[in-house]
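Structure record follows, encoded as structure tokens.
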Amino acid sequence: MDDLALYIHWPFCLSKCPYCDFNSHVRERIPQARMVAALRRELAYEAARIGPRRLTSIFFGGGTPSLLDPENVAALIGDAVAMFMPAEDLEITLEANPTSIEAGRFAGYAQAGVNRVSIGVQSFDEAALRFLGREHSAGQAVAAIELARGIFPRISFDLIYARPEQSLAAWRAELDMALRLAADHLSLYQLTIEPGTKFHTLHARGEFVLPDEDLAAALYDATGEVAGRFGLHAYEISNYSVPGGESRHNLAYWRYQDYAGIGPGAHGRLSLDGRLMATSRHRAPEAWGALVEQGGSGATHEDEVGALDRGREALLMGLRLSEGVSFSRFLARTGGRLEDAVDAAVLRDCLAAGYLEVTQTHLLATAEGRKRLDALLPALVR
Ligand SMILES: C[S@@+](CC[C@H](N)C(=O)[O-])C[C@H]1O[C@@H](n2cnc3c(N)ncnc32)[C@H](O)[C@@H]1O
Ligand code: SF4
């Protein structure tokens, strides 16, 4: 019986950040009761067909799940642990924004069973926060982290770097300050310009420029070095943790294990009756809600993932991890040999260049290889 990770999507935010292309929506009034009822119904629908599984993690992602009332988080957790078999060390993460209103709910979330928060700090620099369109100050972010530290056993926060005009020295200083706040996990993302966002338009008009390739690479190297000095290792391209502090939920994605996705726009990969299914949901909250109210699920379509795609997905996800892709897990999940899923000549070149490495048990991208992964993967993976 496969372990299960559960993702619950909360699709609302107070405002839309100009860089963000996540499935997040701003509403004058958030229909919380209706949406939570639909989430609970969709969870029951999925649980009924998935059957009993060991539940290893629950992740409330968004959007901004810290806009949810703690009672509703408690109800969803209660449903999930009643419908599945919770692991003894079940990890329950909730993404939170650091405005004071949301931080005020932290104790309620802990009471509901949340044992890990991931706080969207983005920057400790006031001008950068304004540029990123954030609703909170650096002081509020520090206060939210300190509050969370006293309440939750595990905390993480997100920062965005490689911002316009950000110098190497300024990023080193910002990161050093961040690491002194003692989280067991950090997600450190380089700013990317996503189609359909406000930044996409501004960037295309030349209203700001991003660091060039050399500076971006230097910023990435500095990130690993400074995090390493504080005992956090890069276990994934953008994720750093103390040993044992890795996000179990995200590891389930990258190790290409089963996960169920509930809520608008959520994806899932589920083994059902010996087949691996890719599930997806309607992205618009109200339309998703109406589908659930009609038939129990907001699914738009569901396709079997064929052997070739299973191999491809397992490699694309797994090579992001410093541990790489396990040969035995790959075989069990895809039914094929890892050697057959990659281009032999490209593999040879990447091994010779020091971008990839083969151990007894794994194929992995080295630190240099992980920097170039986006360029390498299309050639490597068949
Ligand atoms: C779903 S959002 C997070 C949670 C929460 N809504 C918040 O903003 O605090 C996940 C994270 O992705 C990162 N992110 C989103 N869009 C990005 C972009 N274009 N470039 C870099 N990082 C991005 C941000 O750090 C953000 O916190
Ligand atoms: S970054 Fe977070 S708060 Fe901003 S729009 Fe995206 S999901 Fe919402």
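The values are calculated or read from the model by the stated rules, or taken from the named source; none is laboratory data. Quick caveat, the model's predicted, so the values are computed rather than measured. A quick note on method: Cβ atoms are made from the backbone with ideal geometry, for glycine too, and the neighbour counts reach across all protein chains shown. Quick note on the areas: whole protein, heavy atoms, side chains included, nothing else; ligands and nucleic acids left out. Shrake-Rupley method; radii C 1.70, N 1.55, O 1.52, S 1.80 Å.
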Open item on the list: Can you pull out every residue in segment 142-160 that is away from ligand 2 (no atom under 14 Å from the Cβ) and of a type outside the set (A, V, I, L, M, F, W, C)?
Closed with: Glu146, Arg149, Gly150, Pro153, Arg154, Ser156
- [ ] Sort through Ala87, Ala33, Ala82, Ala75 and tell me the only one that's without any contact (Cβ under 8 Å) to a residue 12 or more places away in the chain, surrounded by fewer than 24 Cβ atoms within 10 Å (Cβ to Cβ), under 29 Å from Arg149 (Cα atoms) and away from ligand 1 (no atom under 16 Å from the Cβ).
- [x] Ala82
TODO: With the condition kept exactly as written, say whether any residue in segment 94-104 is away from ligand 2 (no atom under 16 Å from the Cβ) and in contact with a helix residue (DSSP H, G or I) (Cβ under 7 Å, 6 or more places away or on another chain).
DONE: no
- [ ] Could you look through segment 56-72, keep only residues that are farther than 24 Å from Arg134 by Cα and within 18 Å of the chain's Cα centre (by Cα), and pick out the one that is farthest from ligand 1 (Cβ to nearest atom)?
- [x] Thr56
TODO: Quickly run through segment 142-158 and pick out the residues that are under 22 Å from Asp21 (Cα atoms) and surrounded by 21 or more Cβ atoms within 10 Å (Cβ to Cβ).
DONE: Ser156, Phe157
Open item on the list: So in segment 178-209, with the set limited to residues that are among the hydrophobic types (A, V, I, L, M, F, W, C) and more than 27 Å from Ile145 (Cβ to Cβ), which one is nearest to the chain's Cα centre (by Cα)?
Closed with: Ile193
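Every residue, every condition in (1) open to solvent by 30 Å² or more (accessible area, probe 1.4 Å); (2) within 19 Å of Ala365 (Cα to Cα); (3) outside any helix (DSSP H, G or I); (4) among the small types (Gly, Ala, Ser), yes or no:
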{"position": "Phe199", "(1), (2), (3), (4)": "no, no, no, no"}
{"position": "Glu207", "(1), (2), (3), (4)": "yes, no, yes, no"}
{"position": "Leu210", "(1), (2), (3), (4)": "yes, no, yes, no"}
{"position": "Asp214", "(1), (2), (3), (4)": "yes, no, no, no"}
{"position": "Tyr220", "(1), (2), (3), (4)": "yes, yes, no, no"}
{"position": "Tyr240", "(1), (2), (3), (4)": "no, yes, yes, no"}
{"position": "Tyr253", "(1), (2), (3), (4)": "yes, yes, no, no"}
{"position": "Ser271", "(1), (2), (3), (4)": "no, no, yes, yes"}
{"position": "Met277", "(1), (2), (3), (4)": "no, no, yes, no"}
- [ ] Determine whether segment 309-321 contains at least one residue that is open to solvent by 60 Å² or more (accessible area, probe 1.4 Å) and without any contact (Cβ under 8 Å) to a residue 40 or more places away in the chain.
- [x] yes
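Residue by residue, here is whether (1) within 16 Å of ligand 2 (Cβ to nearest atom); (2) touching a strand residue (DSSP E or B) at 6+ places or on another chain (Cβ under 7 Å) holds:
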| position | (1), (2) |
| --- | --- |
| Ala107 | no, no |
| Gln111 | no, no |
| Gly120 | yes, yes |
| Glu126 | no, no |
| Gly133 | yes, no |
| His136 | yes, no |
